[in-house]
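Since the structure comes first, as C-alpha cells, the remarks are kept for the end.
The values are calculated or read from the model by the stated rules, or taken from the named source; none is laboratory data. Computed from a predicted structure; not experimentally measured. Positions of Cβ are backbone-derived with ideal geometry, glycine not excepted, and every protein chain shown enters the neighbour counts. These accessible areas exclude ligands, DNA and RNA; they are computed on the full protein's heavy atoms, side chains included. Shrake-Rupley method; radii C 1.70, N 1.55, O 1.52, S 1.80 Å.
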Amino acid sequence: MPPHSSILISISGGSSAGKKTVLTGLESALRTASNNTLSITTLHQRDFLHPLTEAQHASAADGKLDLEKLGILPFPLPLPPPGGVGVYDLDFMAETISALLAGAGNVKVPVVDAQHRRGGERTVVEAPDVVIAEGCYLLTHRRLVELAGVKIFVDCDADVRLARKVVRDQETSKLPLDVILDQYVRHCKPAYEQTILPTKTVSDIILPAGAEGPGIELIAHGVMDDLKGRRRRPSLTLTSYSLKYNYYY
C-alpha cells in the first residue's frame with residue numbers, strides 16, 4: 001500500500017451509548033473482510049485524560065465528580081474550535097493519530113487505568129492501515145474532525161444509556177443507585193445535551209441501533225473498497241462517506 005493511505009474511523013456518541021461495542025464489532029468485521037490482513041490500531045479517548053488532582057480523584061471515587069461535566073463546552077457550528085474540551089488532551093490525541101496516519105512507526109500511546117491514572121504507555125510498532133478511535137468528544141475537536149475519514153455517531157435512547165450506566169457503575173465503581181442517578185442528572189445529561197448531541201450533525205454515519213444493526217458490516221465493506229482504491233490511486237479520498245447529509249444504518 002502507498003504511504004499516507006491509512007484511514008481514521010471516529011466513533012462518537014453519549015456515555016454508555018455503545019461506542020466500544022461498535023469499535024469491537026467494526027474491528028472484527030474489518031479483520032474478517034480482509035482475511036485478517038489489515039493492520040488495525042484502536043484508540044480510546046479516556047487514555048488521553050489530563051492528569052487529575054488528588055482532590056478530583058477522591059471526588060470521582062465518591063461519585064461526586066463526573067468527567068463529562070468537566071468536558072462541557074457549548075458547541076459552535078459548523079465546526080468545533082481547536083483544542084476541544086479541557087479535561088481531555090485532544091490536541092495530543094490528534095497529534096498521535098496524525099503520526100499513525102502518516103505512517104510513523106513506534107508511536108507511543110498513553111494508557112489510563114480504571115482509577116483515571118496514567119498506567120504507562122503502549123507502543124504501536126507498525127504503521128496501521130486503519131485507526132479506529134472512540135470517545136464522547138471526538139467530534140468536538142476540529143483537528144480530529146478533519147483527520148477522520150469516517151465519522152460515526154452512535155445514537156442511543158437516553159433511557160437505555162442511563163440503564164447501562166447504572167449497571168456499569170454499580171459493577172465497576174460500586175456506587176449506590178442514588179449517587180449514580182444524581183451524577184447522571186447533574187453531569188451526564190447536561191454534557192450530552194450541550195456538547196455531545198450537537199456534534200451529531202458533523203457525523204457522516206448515524207447508528208441508531210449501535211452494533212446490533214447492519215451498519216457495521218456495511219461500513220467495513222465500504223472501508224475495504226476504499227483501501228483497495230487507495231492501493232491503485234494513493235490520492236483517493238473517502239468519497240463514499242464525504243457527503244453533506246448523514247447516513248442512517
*Confirm whether residue 146 is within 24 Å of residue 89 (Cβ to Cβ), modelled with pLDDT of 90 or more, surrounded by fewer than 16 Cβ atoms within 10 Å (Cβ to Cβ) and of a type in the set (D, E, K, R).*
yes
_Take the conditions within 22 Å of residue 10 (Cα to Cα) and in contact with a helix residue (DSSP H, G or I) (Cβ under 8 Å, 6 or more places away or on another chain) and apply them to residue 147. Does it pass?_
yes
*asked:* Of everything in segment 97-129, what is touching a Gly at 6+ places or on another chain (Cβ under 9 Å) and within 30 Å of residue 174 (Cβ to Cβ)? Give them in sequence order.
replied: 110, 111, 112, 113
*Provide a single number: the residues in segment 149-160 that are of a type in the set (D, E, K, R) and either more than 30 Å from residue 6 (Cβ to Cβ) or open to solvent by 70 Å² or more (accessible area, probe 1.4 Å) (or both).*
2
*Check whether at least one residue in segment 161-182 is open to solvent by less than 10 Å² (accessible area, probe 1.4 Å), more than 19 Å from the chain's Cα centre (by Cα) and either of a type in the set (Gly, Ala, Ser) or modelled with pLDDT of 90 or more (or both), and report yes or no.*
no
*asked:* Restricting to segment 198-212, count the residues that are in a helix (DSSP H, G or I), open to solvent by less than 70 Å² (accessible area, probe 1.4 Å) and over 17 Å from residue 20 (Cα atoms).
replied: 4
*Can you tell me which residue within segment 98-137, out of those that are of a type in the set (D, E, K, R) and either without any contact (Cβ under 8 Å) to a residue 40 or more places away in the chain or open to solvent by 20 Å² or more (accessible area, probe 1.4 Å) (or both), is nearest to residue 13 (Cα to Cα)?*
113
*Look at residue 37 and say whether it is modelled with pLDDT of 90 or more, over 19 Å from the mean Cα position of the chain (by Cα) and open to solvent by 10 Å² or more (accessible area, probe 1.4 Å).*
yes
_Anything in segment 183-197 that is under 12 Å from residue 137 (Cα atoms), in contact with a helix residue (DSSP H, G or I) (Cβ under 9 Å, 6 or more places away or on another chain) and either open to solvent by less than 10 Å² (accessible area, probe 1.4 Å) or not aromatic (Phe, Trp, Tyr) (or both)? List them, or say none._
191, 195, 196
